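Take a look at the structure below.
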Amino acid sequence: MSDKVVIFDTTLRDGEQSPGISLDPGEKLEIAEQLARLGVDYIEAGFPVSSQGEFDAVQAISRTVQGPVVAGLSRTQLADVDRCYEALRDAERNRIHIFISTSPSHMEHMLKMNEDQVLEAVRMGVARGREHTADIEFSPQDATRTPLDFMLEVLAAAVESGATTLNIPDTVGYGIPWDYGDLLTHVRDQVAGDYVLSTHCHNDLGLAVANSLSGVRAGARQVEVCVNGLGERAGNAALEEVVMALKIRGDQFPGLETNVRTKELARTSRMVARVTGYQVQWNKAVVGKNAFSHESGIHQHGVLKERSTYEIIDAASVGQEGGQIILGKHTGRHAFADTLQKLGIVVQGDALNSAFARFKELADRKVQLTDFDLEAIVAEELGTALEEGFVLDVLDVQGGTTGMPRARVVVSRDGHKSEATAEGDGMIDATCKAIKQATGIEAKLTDFNVSSVTGGIDALGDVVIQLESDGMRASGRGLSTDVVEAAARAYVAATNRVVRAKARIPGSGLDAVRLSEVIP
Ligand code: KIV
Ligand code: ZN
């Protein structure tokens, strides 16, 4: 058995079947080029018979992308197989992936075919594929809900007709690791011939990666995966997770390797997220923005001393940055002092204690603080307030149950005044929009937190706002008995920090990349 685990990427076919994703040929090509850089062995570029756009995309990828074999999906119908080959024929190397459903449910409700008819379709379709190319993959769709004997009979027919890869799709994510592994063992033991066994696992029970690994353990030497775990419904097995599990737990998969250049994983994930519009969940393994972030004081203390205390993957090996300390309410004094030191700020003794207390107070308001916020806190504590920047001179708001909420603001900076009026979903929204216009500072509001400092009808509203601009985050706080005014003051304060942060980056000695990479 080979010691290579072939990575068959189906982001552009099964991944594109994620609800709401529709990629045009240009977008598919962009992703395919990156998959080639990543080092996948196969790119399943699409299902050519399904539309002209799909055909064009598969053809464009076949004509352009160098390195991986380009595959196309096809039903067993001869016209499908021919059309699929037509799209693939210009590729350096190509594969036709032929499938038909074999479970009783699919055969009765969808195909309206009996077992003999399915067997005949498999023979015809696979043989037709072999007339075009020597690389034919066959998949019995819904294999995990197909009676074993029939599935084995279908697979044997496929091999006799020329299939070189047998893929066992867990189409509805029904398998669990040990029964999926057993299923592959049955195939290996009972279907004779020279073929590569392959896994294709969906994630309906959250087991797609576990099932794929179980398949590898049972002898599969191809794994079908999607970047970021995209795919129908709950998705397919995530490429980055399968690849890193094989690598990090090599002790469980002795001698097995993939061709993937793991340093490209994070970049690939970001590109796929951008092009598909499917954001990666923060806590996603390997490529999520939290995968190497540490929030609790104890963990922070550990990773500051030695990364491996709480990180099993070398972050750089997957294109991420390791040991990221998240400044939040769980941060300990150790990480706080360490971060200040890295910023070149030296505070000790009582000043450190009071700065830490002030930091905790702000962090308690659920805002994730940035390095720039720390700097401001320390400056306040040391009595060296930062130069002011924009000042809110005037705020007029109109709201109520009729008409669109409106706000007019006047801000000044260095003696220059600027006025703007804006409408919004509410008075606070209108105010923030007006300030944005008046200052001309583009920033996205990423967090808004309001609380009252004291009880009663005259309570002070305490607003903390976080803004994000060009990959940097900064927060600002405003206090007032009027919550709209408090929001306006917080927005202006956060804007001033954004401005200061941007001004400081060139030549400031601060590591701008490190700061911006914390943000996805
Ligand atoms: O999930 C599935 O069954 C498929 C096949 C077409 C392989 O995607
Ligand atoms: Zn699938």
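The values are calculated or read from the model by the stated rules, or taken from the named source; none is laboratory data. Every value quoted in this text rests on a predicted model; they were computed, and no experiment measured them. All Cβ positions, even for glycine, are placed from backbone atoms using ideal geometry, and neighbour counts span all protein chains on display. Note: accessible area is taken over every heavy atom of the protein model, side chains too, but ligands, DNA and RNA are not part of it. Shrake-Rupley method; radii C 1.70, N 1.55, O 1.52, S 1.80 Å.
Within segment 181-228, the set of residues being within 16 Å of ligand 1 (Cβ to nearest atom), over 22 Å from Glu240 (Cα atoms) and in a helix (DSSP H, G or I) comprises Leu183, Leu184, Val187. For segment 86-109, a tally of residues being open to solvent by less than 20 Å² (accessible area, probe 1.4 Å) and either within 16 Å of Pro48 (Cα to Cα) or not in a helix (DSSP H, G or I) (or both) returns 11. Set side by side, the residues Val227, Val216 differ, and just one is aliphatic (A, V, I, L, M), in contact with a strand residue (DSSP E or B) (Cβ under 9 Å, 6 or more places away or on another chain), touching a residue at least 40 places away in the same chain (Cβ under 8 Å) and within 16 Å of ligand 2 (Cβ to nearest atom), which is Val227.
Scanning segment 17-33 for residues that are modelled with pLDDT of 95 or more and buried (at least 21 other Cβ atoms within 10 Å of the Cβ) returns Lys28, Ile31, Ala32. Scanning segment 75-104 for residues that are within 17 Å of Phe150 (Cα to Cα) and more than 16 Å from ligand 2 (Cβ to nearest atom) yields a total of 1. A single entry from Asp204, Asp194 fulfils the requirement of being under 29 Å from Pro147 (Cα atoms), acidic (Asp, Glu) and more than 16 Å from ligand 2 (Cβ to nearest atom): Asp194.
Residues that are within 16 Å of ligand 2 (Cβ to nearest atom), in contact (Cβ under 8 Å) with a residue 24 or more places away in the chain, within 12 Å of Val70 (Cα to Cα) and under 16 Å from the mean Cα position of the chain (by Cα) are absent from segment 19-37.
The test for being among the β-branched types (Val, Ile, Thr) and within 29 Å of the chain's Cα centre (by Cα) holds for Val40. From the list Glu16, Glu44, Glu30, Glu54, the lone residue that is assigned to a helix (DSSP H, G or I), in the same structural domain as His200 (by TED's automatic domain parsing), within 16 Å of ligand 1 (Cβ to nearest atom) and within 25 Å of Met244 (Cα to Cα) is Glu16. Scanning segment 233-284 for residues that are closer than 20 Å to Ile168 by Cα and under 11 Å from the mean Cα position of the chain (by Cα) returns a single hit, Ala238.
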